[in-house]
1. Would you mind checking which residues have amide H under 5 Å from PHE58's amide H? H placed 1.01 Å from N; only 5 or more apart, or other chain.
2. For ASP144 and LEU453, calculate 0.36 nm times their separation in residues minus their Cα-Cα distance, and state this gained length in nm to one decimal.
3. For segment 158-295, take the alpha-carbon Rg, divide it by the Kirkwood Rh, and send me Rg/Rh.
4. So what does the Cα-only Debye profile of segment 459-567 read at q = 0.11, 0.14 Å⁻¹, as log10 I(q)/I(0), no solvent term?
5. Tell me, what is the 1.4 Å probe accessible area of CYS295, in Å² to the nearest 10?
6. With every protein chain present, what accessible area does THR60 have (1.4 Å probe, heavy atoms only), rounded to the nearest 10 Å²?
7. Would you mind getting the Kirkwood hydrodynamic radius of segment 62-171 from its Cα pairs, rounded to one decimal in Å?
8. How high is the relative contact order of segment 240-296, in percent, with contacts defined as C-alpha pairs under 8 Å that are six or more residues apart?
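The values are calculated or read from the model by the stated rules, or taken from the named source; none is laboratory data. The structure presented is a predicted model; accordingly, all values stated were derived computationally and were not measured. Quick reminder, even Gly has a Cβ in these numbers, built from the backbone with ideal geometry, and neighbours come from all protein chains shown. Note: accessible area is taken over every heavy atom of the protein model, side chains too, but ligands, DNA and RNA are not part of it. Shrake-Rupley method; radii C 1.70, N 1.55, O 1.52, S 1.80 Å.
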Amino acid sequence: MDYDLARIDYTLCGITYPHALKILSSTDQKIHQKFIIGDKNGVLQCLSVIDEEPVVHFKTLPGKPITSVQLASSVGNNTDKIFAASGNEVKGYTKKGKVFLSIETSVSETITSMCVLGNDLIICSGKTVTFYRELQEQYSFVCDDRVLDAVAFAMPNKSRIRILVLIANKEALIIENGKIQKHTHISAGPTRFTIPQSLHPAEVCALYGAVDGSIGIIFYEESELSAKCLVEGCGLGSVTCVGWLTNNSGTHLAVGRHDGSIQLYLVNPENLKEKPRLKFTYFSGEPVTSVCGGCISTNEPELLVATFSGRIFGLRSSRLISSVNAISGDALATRRSKLVAEVARLEKQTANEREKYQKNTRSVYGGISAPPLLDIEHELSGASHDGWQEAKITSAVPLDMIFVYCESKLEIQTDNAAVLSTCAPQTSNDTELLTAIRCQAGTRRLWLRMRNLVFEDTKMEGTRVLVYILPAGVPRVARLIKFHLPILPHYSKHEPLEIEDNKRSWCEIRVTGAFSVAEMTSWLTELLPGELPRPANNVTFARSHSFLETYLICKYQRGSALFKSDNISTVLTFKNFISNCCIKRNIREDIVYEVPEDICLTSFQLIKNKFKSEYHRKKDIDIKKAISSLDLDAYALNDATTPVLCEEYLRIWKISDDNSTETNYDQLVETVENWYKDWFKLSINGIHSNNQFTNLQTALKDCQLDEIKKILDFKQNSLQNTVN
């Protein structure tokens, strides 16, 4: 990371949505660029920075929340036409704030993203992409799931356009004339994308950020749409916005994330498929919603950033920050007097509101005292390899305390921004959980990691977690947020349906009965994490296990359903759960299942290498713990002349503690044991041999791979029993 950039705050607005900040282009190089920001209060304002002070050029009255702000563009070249979407309405403004366009679209849901290309307008609402030309609706395309973002590309003949769309089931589509031309699957789960500034008008290419923090590129070549990951996530927060910054060092991709971090990656405009180089990282402390590059307050480009709570600040060279000290004394005195007047005005407004509230509470007339709803964003991710599900909570105001309640036995962790304490159950039900989290001063973002400790195949519903959030300040209020932990939280990775063609042993379960598509979708929400496809005539989707990498394929329509998996425990869970749901709804069902005899053996073959590596890792951890208990000083361990330990033990001792604290070996052992027992539950007799199961436990404990395969080879065992 080579750049030395420092932060300078400019102004504060209301809560902002992703990509609600844009920078206007400037025709005169001597004039600094203006920028546009829209917030949740419905206020759109145009500002510039003069002598380190923000100057408002125009500001609209409050209204519906502004969910998207775009500039009229022609493949990356901005103009002075501003478009803002609020609700189902789109308005166009000139750079002086005059409304020259107002259109109320036909969509029924809130516009979440839009794109303007010449006289063409593309809006995204729910799972619908609508195309307008000359304010006339040309067509509306309904996707399989929620639309995340869209961008338009002009065709060579300029009469038609191609629309590149991201949808929530981790796919990218190219729509042309209201029809899908090409599509590609992106397993990382893209969230937003941006067009390269040096893109040729005839090319279709975009760089995207993903939920897992990775960065990639989508390109259309030789009539094929493809995607390539350029930067792995590596534990970084999900990408919420992307933008560009061009300076003397080159062209940079700016990435804003949900964890508050901002990165600058140096890209090669001539070869966008080349891996970008990380040059700068900054942590803002709250989710970033917009990043744009331009000359805002100096003649050198800087990165303009907007956060969730509405803070607008710039990241520019540290040597330019020192220019603030060169301001004359009169200018500083004027600035100080403005700040004093602003503080006095806010104190007076606060006192008036407090007095008004106290009068209302003491009034003899009946009424309702209802504080405004706290602006809080929350999101629950699927389970990671170790079973933890992460809940991200972001507030516009500082948090004081959080209470977590769950009727089931639950393990919970939080980040280092808070202190966690768990209360003992007060009743005979020792499975309840009540946890109090006291936040540090100024905490606006909190991550909770939750993991279910009790798993039952016959559970009728997922785990409900109630989170009560108390902000700092008076009067004391709280907001309740409900999280739902599904029964199979690991199946969080979306996969293309082509995985059905893989040469694997598939367990199948077929269900017929008097259920509807909506009922089946409702049942599956208790089993699987994330969003499911909306009910339709036929619903088909595929998922994969985040740890075992086994697959799950779901196909259902009215009255019939088919579920396939190469994980026999998953199939058994589906069978028991759907059977219980049908009994509860008094629905007569017919369940037929097919289980290959080699399912456990083939499944173990897929995790054999992982099983072996986790076993050796567990052994290394045990040996390192034993060495740590010995009374050995650092000099004796590092003395090459008289070695105390052998080379293998020295290698184990030098393993970093961060990489050897946890192992998944016990989880793998439990998984294989469940496969063995579940196969017999779905077999004809349903009873397994205790002696054989004991032998399997011994083989798993000692990692005897050949013995494990021999025990799990039910086909060969049945042949031997027949011969005997």
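1. Long-range HN contacts for PHE58: CYS46.
2. Extra length available between ASP144 and LEU453 comes to 107.8 nm.
3. Rounded to two decimals, Rg over Rh is 0.97.
4. -0.45, -0.64
5. Number for this one is 30 Å².
6. My reading of the accessible area for THR60 is about 30 Å².
7. It is 14.2 Å.
8. Taking the mean separation of contacting Cα pairs over the length of segment 240-296, I get 40 percent.
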